[in-house]
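So the structure is just underneath, and the comments pick up after that.
The values are calculated or read from the model by the stated rules, or taken from the named source; none is laboratory data. Predicted model, so just to flag it, every value in this text is computed and none were measured. We place every Cβ from the backbone using ideal geometry, glycine too, and count neighbours over all the protein chains shown. Heavy atoms of the whole protein, side chains included, go into the accessibility calculation; ligands, DNA and RNA do not. Shrake-Rupley method; radii C 1.70, N 1.55, O 1.52, S 1.80 Å.
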Amino acid sequence: EEKLPKGIKVIRLDFYKPETLREEMLKLGYLLDEEENASKYIKWHDKYVDEIEDKVSGIPEDAKPNVFMDKSGEESTKVRKTYTKKSGGISTLCELAGGKNIAAELEAAYPEVDLEWILDQNPEIVVGLSNSGGYETDDESVMKEEYERIIELPGFGNITAVEDERVYLMDSSVPFAPGYPIGLAYNAKWFYPEEFEDLDPQAIHQEYVDKFCGIDFDVTKHGVFVYPQVTE
């Protein structure tokens, strides 16, 4: 930026935070004279985000599940990294889907917490963020191994999330960037399977790919995005 000629404005947009992404997309459409395409995205975005928000808004606070957001891929069996409100992104997604992030109010954005602390909190759901899937692999074995490492952590067999088989992993390609409504849909389905019985995150994902990515890609046949897969 310092090397640019004077008078040239630099605009920075995040494109990964659910709380600002919608407005950023509208700005980008204006700047690039692609307001029609931006409008198509906003229509898709609002359709699913509003549907989920409408249902979640009617759920009492004391009925929302306690969720531990795990920074998956960590090898430690004594401490785990997690996400707070300061991290934005994944923590915001949890709240929008009607979950209560048990680490939301901790100090750092990505703090380490002792395993004993997690056990004391006894989360009803664990959602881990993985970097072992995505569009470029069809092999879910690595994500499966991450999943098994989490449920086999010392003492985890006694927490509600593991007992009720409500531990989930999603690849980082799902909850961030303009496709974040896909991750939101998965979270909503995991948190409230009965209320969102008719919600199909995989179909939402395919719609996103078909409308906005410009690629021929079938998410039902290729890619690894969540584990275990949501079944209808």
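Points worth noting:
- Among the conditions (1) farther than 14 Å from Leu184 by Cβ; (2) assigned to a helix (DSSP H, G or I); (3) modelled with pLDDT of 95 or more, His45 misses just one, which is (1).
- Of all the residues in the range 7-26, those that are of a type in the set (D, E, K, R) and not in a loop (DSSP other than H, G, I, E, B) number 4.
- Residues that are in contact (Cβ under 8 Å) with a residue 60 or more places away in the chain and out of contact with any Phe, Trp or Tyr (no Cβ under 7 Å at 6 or more places or on another chain) within the range 167-183 comprise Pro175, Tyr180, Gly183, listed in sequence order.
- For the criterion of being of a type outside the set (A, V, I, L, M) and surrounded by 14 or more Cβ atoms within 10 Å (Cβ to Cβ), Glu24 passes.
- Residue that is most open to solvent (accessible area, probe 1.4 Å) [pool: residues in the range 169-226 that are assigned to a loop (DSSP other than H, G, I, E, B) and among the aromatic types (Phe, Trp, Tyr)]: Phe176
- Whichever residue in the range 116-145 is part of a helix (DSSP H, G or I) and crowded, with 22+ Cβ neighbours inside 10 Å and, among such residues, is farthest from the chain's Cα centre (by Cα): Ile118
- Residue satisfying all of: in the range 72-102; under 17 Å from Lys17 (Cα atoms) and charged (D, E, K, R); farthest from the chain's Cα centre (by Cα) among these: Lys86
- Residue pairs whose Cβ atoms lie under 8 Å apart, separated by 6 or more positions or on different chains, with the first residue in the range 1-23 and over 21 Å from Pro178 (Cα atoms) and the second surrounded by 14 or more Cβ atoms within 10 Å (Cβ to Cβ) and of a type in the set (Val, Ile, Thr), do not occur.
- A Cβ distance below 7 Å, combined with a sequence gap of six or more or placement on separate chains, defines the contacts here; from the range 113-136, residues that are closer than 17 Å to Pro228 by Cα and among the aromatic types (Phe, Trp, Tyr) reach residues that are open to solvent by less than 70 Å² (accessible area, probe 1.4 Å) and outside any strand (DSSP E or B) in the pairs Tyr135/Ser173; Tyr135/Phe217; Tyr135/Gly223.
- The set of residues in the range 27-54 being more than 19 Å from Asp210 (Cβ to Cβ), open to solvent by 90 Å² or more (accessible area, probe 1.4 Å) and either among the aromatic types (Phe, Trp, Tyr) or under 22 Å from the mean Cα position of the chain (by Cα) (or both) consists of Tyr30, Glu53, Asp54.
- Exclusive hit being within 20 Å of the chain's Cα centre (by Cα) and open to solvent by 40 Å² or more (accessible area, probe 1.4 Å), set Glu163, Glu148, Glu152: Glu148
- Each residue in the range 75-115 was checked for being in a strand (DSSP E or B), touching a Pro at 6+ places or on another chain (Cβ under 9 Å) and either modelled with pLDDT of 95 or more or polar (S, T, N, Q) (or both), and 2 pass.
- Complete set of residues in the range 137-158 that are touching a residue at least 24 places away in the same chain (Cβ under 8 Å) and in contact with a helix residue (DSSP H, G or I) (Cβ under 6 Å, 6 or more places away or on another chain): Gly155, Phe156
- Each residue in the range 75-91 was checked for being hydroxyl-bearing (Ser, Thr, Tyr), open to solvent by 30 Å² or more (accessible area, probe 1.4 Å) and under 16 Å from Leu129 (Cα atoms), and 1 pass.
- For the range 56-74, the candidate set comprises residues that are of a type outside the set (Gly, Ala, Ser), under 17 Å from Pro123 (Cα atoms) and assigned to a loop (DSSP other than H, G, I, E, B); within that set, the residue that is least open to solvent (accessible area, probe 1.4 Å) is Pro65.
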